[in-house]
Amino acid sequence: MDLIVYGIPNCDTVKKARTWLTDHGLSASFHDFKKQGVPPEPLDLWLKAVGWETLLNRKGSTWRQLDAAQQAGVTDSASAKKVMLAHASTIKRPVIAWPSGQITVGFTPEQWPV
């Protein structure tokens with residue numbers, strides 16, 4: 001399994017993570033949510049690995065732009081998945097799939113399996 005960074009290229013947190021990985025000699029492929037969409041099968045793995053509460057970005061502008069009914073309707077993994085597939089920017093970034101199979105979310109190098 002390869003090291004894959006999922007996210008949006010102009011996201012500052014994704015940029016920091018990609019730079020950190022490069023600076024530490026780690027080569028990663030990049031999956032652009034804007035161009036390639038959210039991959040449903042990996043999304044299922046992420047939800048199992050980290051939980052929907054961790055993966056769902058409720059602090060971002062995309063979440064805040066959803067109407068109150070949509071926000072209130074996110075109560076479990078299935079409802080969160082629907083929103084994430086429809087609105088990629090509601091996924092906390094970056095999501096990193098490590099060669100070991102571990103999934104991490106966000107820029108937290110101290111927690112990365114390097």
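The values are calculated or read from the model by the stated rules, or taken from the named source; none is laboratory data. Everything numeric here is computed off the predicted structure, so don't read it as measured data. All Cβ positions, glycine included, derive from the backbone under ideal geometry; neighbour counts span all protein chains shown.
Here are some notes:
- Some residue of segment 87-100 being within 30 Å of Ser27 (Cα to Cα), of a type in the set (A, V, I, L, M) and more than 10 Å from the chain's Cα centre (by Cα): no
- Qualifying residue in segment 2-16 (condition: in contact with a Ser or Thr (Cβ under 7 Å, 6 or more places away or on another chain), loosely packed, with under 11 Cβ neighbours inside 10 Å and either modelled with pLDDT under 95 or closer than 21 Å to Gly101 by Cβ (or both)): yes
- Scope segment 12-38; condition assigned to a loop (DSSP other than H, G, I, E, B) and in contact (Cβ under 8 Å) with a residue 12 or more places away in the chain; matching residues: His24, Leu26, Ser27, Ala28, Gly37, Val38
- Residue match in segment 44-59 (condition: of a type in the set (Lys, Arg) and within 23 Å of Glu110 (Cβ to Cβ)): yes
- Meeting the requirement of 3 or more residues that are of a type in the set (A, V, I, L, M) and touching a residue at least 24 places away in the same chain (Cβ under 8 Å), the helices (runs of 4 or more DSSP H) wholly within segment 48-94 are 77-86.
- Against the list (1) part of a helix (DSSP H, G or I); (2) without any contact (Cβ under 8 Å) to a residue 60 or more places away in the chain; (3) within 13 Å of the chain's Cα centre (by Cα); (4) within 14 Å of Cys11 (Cβ to Cβ), the condition Leu45 fails is (4).
- Residue in segment 46-57 that is over 15 Å from Ala86 (Cα atoms), small (Gly, Ala, Ser) and loosely packed, with under 14 Cβ neighbours inside 10 Å present: yes
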